[in-house]
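Everything on this sheet refers to the single structure shown next.
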Amino acid sequence: MRNLIETLVRPEIRALNAYHVPPAAGLIKLDAMENPYGWPDALKAEWLETLRAVELNRYPDPQGLALQTALREAMDLPAEMGLLLGNGSDELIQMLALTIAQPGRKILSVDPSFVMYRMIGLFAGMEYVGVPLLAEDFSIDLPATLDTIEREQPALVYLAYPNNPTGNRFDADDVVRIIEAAPGLVIVDEAYSPFTDCSFMGLLGDWENLLVMRTVSKMGLAGLRLGYLVGPSAWLAEIDKVRLPYNVNVLTQASAAFALRYKAVLDEQTHAIRVERAHLFEALTHIEGLHPYPSEANFILVRAPEGRADALFAGLKERGVLIKNLHGAHPLLRDCLRVTVGTPEENAALIKAFRDVIDLPSR
Ligand SMILES: *Cc1c(COP(=O)(O)O)cnc(C)c1O
């Protein structure tokens, strides 16, 4: 079997490790940009009541039309633009690649950014080109990016706005210059839109190659797996052709439509996260040796003292707090850790654990 695996599986897939999600049982989970707040009991009860009407023996509405209407209303989407739903925005990234991929076609993004742009490009047989961000503040190196676009002629460009894992939001003028220079589609990925006041949603239509992608994951519905792509209908009609039938299941359609009716609850939670983000940032700056970077997302990137990221990560975990260790993920992320903004109590536990661990004599 070994032999057959070696001959059959594409070498670029053989070289990969499967996407690893570390076990988090019993830990304060600040590693995955989840909203830490649950729903009030009365709301939960009403949600469960709406699920009674869901028919599990039937296939879902293929386009999720009721959910589309709920999304358009709740998220104030431009009426003249098309809308396409995905099983998480990850699936939309995959659909975009399947629509565009041809031998020699390239995906471009900035580095470090969301790893699925590169991974899914590779799955679809596209080459990935990453332009390093500026080391100082993770802003876009505009001359280098424009040069690379000119040279590589990417069919797809992804910009996470704000960016993951760095948390900063790129200069809007830089993004515009990239949209205008790109020969192909530019997807502005607004996964963190609940945590910033800036968006390209209102600019859709100004350029024929601009699409905006969002998800309900970071606003508090990560378990549902629902992403959406907004842009000119002519583009979305093509991308819709590679969508697997019934990609958004009945429970997700019903639950998301329900949750969006109570978007005020989610808004209150994301607002609390923004307030807590400022407190957490402040507290992190007061820990000797830590350097937090400003964030417009629901997480903060922190640079640890040189050579200590692995030990800090392990020490926090021993004290019951799980964060993300990015040391080794990219040269610009040397000594970097990423912490999701939790509840006030969770953040206090994080800060206490940081203090305890960092005070230990190194080594
Ligand atoms: C989390 C994240 C996503 C993935 O969202 P899902 O809808 O959960 O698949 C997409 N883009 C960025 C930049 C993210 O950080």
Proximal lysines relative to residue 317, as straight alpha-carbon distance under 19 Å, when same-chain residues fewer than 8 apart are discounted: 29, 352
Protection-proxy order for peptides 115-121, 45-51, each taking the mean of Cβ atoms within 10 Å per residue, highest first: 115-121, 45-51
Protection proxy ranking, peptides 138-151, 1-14, average beta carbon neighbours within 10 Å, highest first: 138-151, 1-14
Local electrostatic count at residue 105 - Lys and Arg +1, Asp and Glu -1, tallied over other residues with Cβ under 11 Å: -1
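Considering only region 22-165, what is the antiparallel percent among its DSSP beta bridges, to the nearest 5?
Values: 0 of 8 bridges.
Rounded to the nearest five, the antiparallel share is 0 percent.
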69, 340, reordered so the largest accessible area comes first (probe 1.4 Å): 69, 340
Positive-end extreme of charge dipole, the chain - chosen from 50, 228, 239 (charges on Cβ): 50
Region 111-135 and region 1-72: distance between their alpha carbon centers, rounded to Å: 23
Mean separation of Cα contacts under 8 Å (6+ apart) over length of region 43-156, as relative contact order %: 20
Pairwise centroid distance, computed over Cα atoms, of region 300-363 with region 144-185, Å: 30
DSSP bridge orientation in region 175-331 - percent antiparallel, rounded to nearest 5: 60
Accessible area of region 59-262 belonging to carbon and sulfur atoms, whole % at 1.4 Å probe: 51
Percentage relative contact order, the chain, counting C-alpha pairs under 8 Å, at least six apart: 22
Kirkwood Rh, angstrom, the chain [1 / mean 1/r, Cα pairs]: 21.8
Unit charges on C-beta of K, R, D, E only; dipole of region 181-296, Debye: 520
Residue-count net charge about residue 84 - beta-carbon cut-off 13 Å; Lys, Arg +1, Asp, Glu -1: +1
Dipole magnitude of the chain, debye to nearest 20 (Cβ charges: Lys/Arg +1, Asp/Glu -1, about Cα centre): 1180
Net charge over other residues, Cβ less than 14 angstrom from the Cβ of residue 193 (K, R count +1; D, E count -1): -1
DSSP-defined antiparallel bridges as percent of all bridges, the chain, nearest 5: 50
Binned Cα-Cα distance frequencies in region 198-310 - 5 Å width, integer %: 2, 9, 13, 14, 15, 15, 12, 9, 7, 4, 1
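Before I look further, what does the chain give for accessible area per residue, probe 1.4 Å, in whole square angstrom?
Accessible area per residue: 48 Å².
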Set of lysines with alpha-carbon distance to residue 106 below 26 Å, sequence-local pairs under 8 removed: 241
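The values are calculated or read from the model by the stated rules, or taken from the named source; none is laboratory data. For clarity, every value in this text was computed on a predicted model and none was experimentally measured. We place every Cβ from the backbone using ideal geometry, glycine too, and count neighbours over all the protein chains shown. Heads up: the accessible areas ignore ligands, DNA and RNA and are worked out on the full protein's heavy atoms, side chains in. Shrake-Rupley method; radii C 1.70, N 1.55, O 1.52, S 1.80 Å.
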